[in-house]
């Protein structure tokens with residue numbers, strides 16, 4: 001049984017006088033023990049909302065969320081609070097997610113005081129110290145306030161705070177996107193090592209393909225609050241079967257100068273207004289591969305390969321399909337000299 | 001090169017007096033840019049890349065000041081100009097594209113008024129009709145469909161990608177020779193990023209301008225820039241053609257930065273430690289404490305920028321005591 005099973009998750013936010021934002025639309029996913037599922041997509045695709053729904057920081061309109069077979073949505077408040085020890089979160093902005101007036105050691109101790117109130121002071125202190133050590137922080141840093149730490153150290157505090165209750169699932173909401181490259185590498189290494197040591201499951205929310213390909217085992221691609229494609233990392237990255245995934249991956253710029261950039265695959269226009277979802281395939285208005293029936297037929301996820309699912313009715317896609325798209329004026333890489 | 005370089009930055013020092021001492025945010029920075037060339041300035045937070053840009057635009061504000069150096073644009077030293085003169089140069093000769101387009105656009109003016117203001121400030125009297133015509137042409141040139149409608153609207157009605165196109169159009173409206181872009185795509189989604197970068201590249205290469213692109217994104221530099229300036233702790237540590245620097249980094253910091261890019265199936269290489277304080281500047285090389293190639297000399301003697309791979313044919317410079325052959329030898333960054 002997977003650790004996390006989400007089915008039919010749906011959430012919309014009414015905006016006074018300006019319609020309803022359909023943020024998450026019928027999302028189903030699973031995460032095994034020790035596995036990382038990456039949710040990738042552009043801003044407004046609903047990836048952070050899904051993370052918050054799974055943690056029940058906000059309430060879904062419909063759907064089920066099961067951890068270890070327990071349906072989170074049927075839990076009473078006190079039961080939910082107990083369950084929270086098993087599911088933790090690391091946020092994007094480390095400084096903003098830490099109480100500026102609490103010392104680092106107290107920040108990390110707080111979840112434990114809530115979830116294991118019977119713990120003695122000595123045991124509490126030992127657990128805090130051990131957890132700080134695991135993320136590469138020392139006793140001296142435990143005495144400081146968050147602002148006395150660098151961004152990378154602050155994020156280590158965020159990870160320690162998530163880790164100390166010994167969770168099974170950690171939602172990582174763009175944990176490195178505000179950090180410098182060399183610091184990002186340190187944080188990714190910590191996250192990777194912690195997963196190996198503790199068998200943690202990660203829901204890794206990101207828009208950055210390089211960190212996703214480093215951490216993720218499986219990938220779900222989101223567009224307008226809907227999963228367009230889902231599958232093992234290799235399948236999705238090397239053999240994407242949805243025009244949106246293909247456009248997203250083609251936009252990635254590799255820092256390796258020996259890799260020539262992929263041909264830019266442009267979708268026309270921009271992401272439509274989430275208050276008015278398209279009737280058929282959500283990508284219809286922008287898709288260069290569209291056919292008439294895409295306009296009316298709702299697209300459904302279907303099996304494309306081993307654990308690989310996609311919505312495009314034209315899958316398996318052919319590379320030549322994109323040739324009907326007018327090329328952008330130039331492809332990158334034709335530098336002078 | 002048959003024509004002189006459009007931009008030549010020589011030994012610029014910009015410092016701030018802080019309560020704890022003098023901070024040299026820009027420490028003897030030199031680099032240049034040719035016409036039809038995109039030069040990337042890379043480095044991590046606090047390396048001085050944004051301060052360098054502000055220094056050459058004459059935008060360093062007190063208590064900060066530029067205390068040495070020259071910024072030659074077409075042979076004219078911008079640092080010797082009066083405030084009024086430099087204000088004229090910004091816009092006329094240098095177009096600026098900021099990271100956040102919504103901060104760069106005035107939220108309470110319609111877009112056409114913002115074009116009108118720029119043109120009026122630089123060219124004096126100008127009729128609404130003629131500024132409007134020029135704005136329409138420029139918006140079309142940056143790929144905005146229905147420019148008339150955009151001109152009559154406000155910034156908040158635009159998507160991020162469209163707003164950044166408007167900012168680029170405003171930066172180009174006076175036909176500047178140099179475009180300075182500070183993280184121009186960082187706030188945008190990846191599918192929009194390539195369109196904006198393609199646009200900037202066309203406006204640079206096809207129309208004979210220079211572009212300085214400040215970024216922390218090595219992918220942007222690798223795939224779009226011709227040359228790169230790598231900065232660390234306020235100094236340039238390496239320069240050269242992107243294709244060479246990224247394939248064979250001569251400075252241990254450049255090498256470490258490239259290896260920090262996470263890749264599937266490889267253990268991510270980390271640069272331990274952090275950038276030293278610019279106040280208690282170490283006596284030798286600023287990178288020594290984090291460097292895997294460190295030798296005794298590095299802790300005593302400040303390395304100067306020197307030619308690297310001198311036999312290579314093209315101009316490369318590095319600020320390091322260690323032989324560059326040794327640094328790049330096991331730099332399997334591109335495997």
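The values are calculated or read from the model by the stated rules, or taken from the named source; none is laboratory data. It should be emphasised that the depicted structure is a prediction, and the values quoted were computed from it without experimental measurement. For neighbour counting, all protein chains shown are included, and Cβ atoms are generated from backbone atoms with ideal geometry for every residue, glycine included.
Can you tell me how many residues in the stretch A:212-256 are surrounded by fewer than 22 Cβ atoms within 10 Å (Cβ to Cβ), facing another protein chain (nearest Cβ under 8 Å) and over 24 Å from residue A:288 (Cα atoms)?
Summing the residues that are surrounded by fewer than 22 Cβ atoms within 10 Å (Cβ to Cβ), facing another protein chain (nearest Cβ under 8 Å) and over 24 Å from residue A:288 (Cα atoms) in the stretch A:212-256 gives 4.
Given the options A:170, A:157, name the one that is more than 14 Å from chain B (Cβ to nearest Cβ), in contact with a strand residue (DSSP E or B) (Cβ under 8 Å, 6 or more places away or on another chain) and within 22 Å of residue A:215 (Cα to Cα). Quick ask: steps written out before the conclusion?
Numbers: A:157 fails: in contact with a strand residue (DSSP E or B) (Cβ under 8 Å, 6 or more places away or on another chain).
So the residue among A:170, A:157 that is more than 14 Å from chain B (Cβ to nearest Cβ), in contact with a strand residue (DSSP E or B) (Cβ under 8 Å, 6 or more places away or on another chain) and within 22 Å of residue A:215 (Cα to Cα) is A:170.
The conditions are (1) more than 13 Å from every other protein chain (Cβ to nearest Cβ); (2) modelled with pLDDT under 95, and residue B:260 fails exactly one of them. Which is it?
Unmet for residue B:260, out of (1) more than 13 Å from every other protein chain (Cβ to nearest Cβ); (2) modelled with pLDDT under 95: (1).
Criterion first (within 12 Å of chain B (Cβ to nearest Cβ) and under 14 Å from the mean Cα position of the chain (by Cα)) does residue A:262 satisfy it? It would help to see each step written out before you state the result.
On the way: within 12 Å of chain B (Cβ to nearest Cβ): yes; under 14 Å from the mean Cα position of the chain (by Cα): no.
Here the answer is no, as residue A:262 does not meet what is asked.
With the condition kept exactly as written, say whether any residue in the stretch A:125-133 is part of a strand (DSSP E or B) and either at pLDDT 95 or above or within 14 Å of chain B (Cβ to nearest Cβ) (or both).
Taking every residue of the stretch A:125-133 in turn, none turns out to be part of a strand (DSSP E or B) and either at pLDDT 95 or above or within 14 Å of chain B (Cβ to nearest Cβ) (or both).
Among the residues that make up the stretch B:286-293, is at least one of them on the phi > 0 side of the Ramachandran plot, more than 8 Å from chain A (Cβ to nearest Cβ), surrounded by 24 or more Cβ atoms within 10 Å (Cβ to Cβ) and within 22 Å of the chain's Cα centre (by Cα)? Full working, then the answer.
Applying the first criterion (on the phi > 0 side of the Ramachandran plot) to the stretch B:286-293 yields none.
No.
Quickly run through the stretch A:265-283 and pick out the residues that are more than 14 Å from chain B (Cβ to nearest Cβ) and more than 16 Å from residue A:229 (Cβ to Cβ).
Just the residues of the stretch A:265-283 that are more than 14 Å from chain B (Cβ to nearest Cβ), to begin with: A:275-282.
Within the stretch A:265-283, A:275, A:276, A:277, A:278, A:279, A:280 qualify.
Out of A:237, A:257, report the one residue that is free of Cβ contacts under 8 Å to residues at least 40 places away in the same chain, in contact with a helix residue (DSSP H, G or I) (Cβ under 7 Å, 6 or more places away or on another chain) and not in a loop (DSSP other than H, G, I, E, B).
Working: A:257 fails: not in a loop (DSSP other than H, G, I, E, B).
Every option except A:237 fails the conditions.
Looking only at the stretch B:223-252, which residues are facing chain A (nearest Cβ under 9 Å) and touching a strand residue (DSSP E or B) at 6+ places or on another chain (Cβ under 9 Å)? Explain how you work it out, then say what you get.
Initial filter on the stretch B:223-252 (facing chain A (nearest Cβ under 9 Å)): B:223-226, B:241-247.
Hits for the stretch B:223-252 are B:224, B:225, B:226, B:241, B:242, B:245, B:246.
So if I check each of B:11, B:40, which one is modelled with pLDDT of 95 or more, in contact with a strand residue (DSSP E or B) (Cβ under 7 Å, 6 or more places away or on another chain), within 19 Å of residue B:212 (Cβ to Cβ) and exposed (fewer than 15 other Cβ atoms within 10 Å of the Cβ)? Break it down into steps so the answer makes sense when it comes.
Details: B:40 fails: exposed (fewer than 15 other Cβ atoms within 10 Å of the Cβ).
After applying the criteria, what remains is B:11.
Of everything in the stretch B:236-268, what is part of a loop (DSSP other than H, G, I, E, B) and surrounded by fewer than 20 Cβ atoms within 10 Å (Cβ to Cβ)? Give them in sequence order.
The first filter runs over the stretch B:236-268 and keeps only residues part of a loop (DSSP other than H, G, I, E, B), leaving B:248-251, B:260-268.
Within the stretch B:236-268, B:263, B:264, B:265, B:266, B:267 meet the criteria.
Identify, please: which residue in the stretch B:186-213 is outside any strand (DSSP E or B) and touching a strand residue (DSSP E or B) at 6+ places or on another chain (Cβ under 8 Å) and is, among those, modelled with the lowest pLDDT?
Filtering the stretch B:186-213 down to residues outside any strand (DSSP E or B) leaves B:186-209.
Retained after the next criterion (residues that are touching a strand residue (DSSP E or B) at 6+ places or on another chain (Cβ under 8 Å)): B:186, B:200-201, B:203-205, B:209.
Values: B:186: 85, B:200: 93, B:201: 94, B:203: 91, B:204: 95, B:205: 94, B:209: 96.
Only one residue fits best here, namely B:186.
Within the stretch A:240-251, which residues are modelled with pLDDT of 90 or more and assigned to a loop (DSSP other than H, G, I, E, B)?
First pass over the stretch A:240-251, keeping only residues modelled with pLDDT of 90 or more: A:240-249.
Selection gives A:240, A:241, A:242.
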